[in-house]
Amino acid sequence: MPARPILRMYSNLAPLRDPVFLGAFAGRGGGSAAAAVQYLVDQWDAQPVGELDPEECFDFTVRRPVVRLDNGVRVVNWPKNQIFLSRDATSGRDVLLLPGIEPHIRWAAFCEAITDTLLGVGCHTAIILGSRTAALPHTRPVPFRLVTNEPSFSETFGTEATVPNYEGPTGITTVLAARLSKAEIQVASLTSLSPFYVQSEPNPSAVIAIVQAVDRAYGSQTKLDALRDKQREVDSATEVAAEQATELRAAITSLEQQYDQERGITPSATEVSPTELPSGSEVVADLEEFFRQLRTGEGDSPSSP
């Protein structure tokens, strides 16, 4: 019996115009990036063109299917990695999008299937989008980390690139990027960084920043109204928590000062001088202890009067 194909295309794609691939994977992190790609799918009216077989990718005891009612009929929704095509998002080129979920098994076959598909439609540019939390304040612009061996991506995204040098356990984004690079597809990993203390996944500020980065790079113009509303809601909740918890407010202030110092932004005369700032690890440790106390009931809740 022939092996079951891991990726099924719904139809043969017509010749594409200088296509670019945008992919992201939710799982251990990456939720904001995957949400950003899904937002682009929705806003660009991208159409599904293929799907990676969930039976070949997931352990359903780890990520279970979800049941819902549709006019009284029970419908099971399975975890899905679906590829979409947008023909109108950018000037002069088509975009393949994968708002994905990190698979549990068959990573090599998973990446091989995506690589073969991109080569088959003449796609030689791929952006793997990521998102993770860091010791950053929510009151400052979302920074990015661009990792690539291709210098041209620095100009594309207006961000200085670094050459990958990490060694150790890794995720599907790194595995896919390595496989695409081996196939001589130009690939870059663009990761947004957002505050670890903001209680929202995905983080709307990170989603907005990723969408805007794509718009600037490829000439698209994506409406952000729905995301702006969610951003204001999350920022407001964070500010209320900070007003009611002195530890959180002090930590945010320290993170703001560190953010500005690292980027050469001159502090005002009323701010703490750089020599008085705690280290980044101290700020993170203080915040982690603060949230641990909230979880265990040892400290005052941010919502307490």
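The values are calculated or read from the model by the stated rules, or taken from the named source; none is laboratory data. Just so it is clear, the structure is predicted and the values come from calculations on it, not from any experiment. Note: ideal-geometry Cβ built from the backbone for every residue, glycine included; neighbour counts use all protein chains shown.
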Exercise for the section: Identify all residues within the stretch 28-63 that are basic (Lys, Arg) and surrounded by 12 or more Cβ atoms within 10 Å (Cβ to Cβ); write none if there are none. Expected result: Arg63
Completion exercise
Filtering the stretch 158-198 down to residues that are free of Cβ contacts under 8 Å to residues at least 60 places away in the same chain and closer than 25 Å to Pro141 by Cα yields Gly158, Thr159, Glu160, Ala161, Thr162, Val163, Pro164
Practice task
Determine whether Ala108 is over 20 Å from the mean Cα position of the chain (by Cα) and aliphatic (A, V, I, L, M).
Solution key: yes
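Per-residue answers, yes or no, for (1) assigned to a loop (DSSP other than H, G, I, E, B); (2) on the phi < 0 side of the Ramachandran plot; (3) more than 15 Å from the chain's Cα centre (by Cα); (4) not assigned by TED's automatic domain parsing to the domain that holds Gly23:
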| site | (1), (2), (3), (4) |
| --- | --- |
| Pro164 | yes, yes, yes, no |
| Glu167 | yes, yes, yes, no |
| Leu180 | no, yes, yes, no |
| Ala188 | no, yes, no, no |
| Thr191 | no, yes, no, no |
| Pro202 | yes, yes, no, no |
| Arg228 | no, yes, yes, yes |
| Gln231 | no, yes, yes, yes |
| Ser236 | no, yes, yes, yes |
Exercise for the section: Quick one: which strands (runs of 3 or more DSSP E) lie wholly within the stretch 1-120 and hold at least 1 residues that are free of Cβ contacts under 8 Å to residues at least 60 places away in the same chain? Expected result: 7-9, 47-52, 66-70, 73-77, 81-90
Exercise for the section: Confirm whether Ser86 is in contact with a strand residue (DSSP E or B) (Cβ under 8 Å, 6 or more places away or on another chain), of a type in the set (S, T, N, Q) and closer than 20 Å to Val211 by Cβ. Expected result: yes
Practice task
Could you check, for the stretch 115-133, whether at least one of its residues is of a type in the set (Gly, Ala, Ser) and under 23 Å from Phe196 (Cβ atoms)?
Solution key: yes
Practice task
Kindly indicate whether any position in the stretch 245-260 is surrounded by 14 or more Cβ atoms within 10 Å (Cβ to Cβ) and not in a helix (DSSP H, G or I).
Solution key: yes
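So that you can scan it fast, the table gives a plain yes or no per residue for (1) surrounded by fewer than 20 Cβ atoms within 10 Å (Cβ to Cβ); (2) within 21 Å of Pro204 (Cβ to Cβ); (3) of a type in the set (A, V, I, L, M, F, W, C):
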| residue | (1), (2), (3) |
| --- | --- |
| His104 | yes, no, no |
| Trp107 | yes, no, yes |
| Asp116 | yes, no, no |
| Cys123 | no, no, yes |
| Pro141 | yes, yes, no |
| Glu150 | yes, no, no |
| Ser154 | yes, no, no |
Handout entry: Check on Val283, in contact with a helix residue (DSSP H, G or I) (Cβ under 7 Å, 6 or more places away or on another chain), among the aliphatic types (A, V, I, L, M), modelled with pLDDT under 55 and not in a loop (DSSP other than H, G, I, E, B)
Key = yes
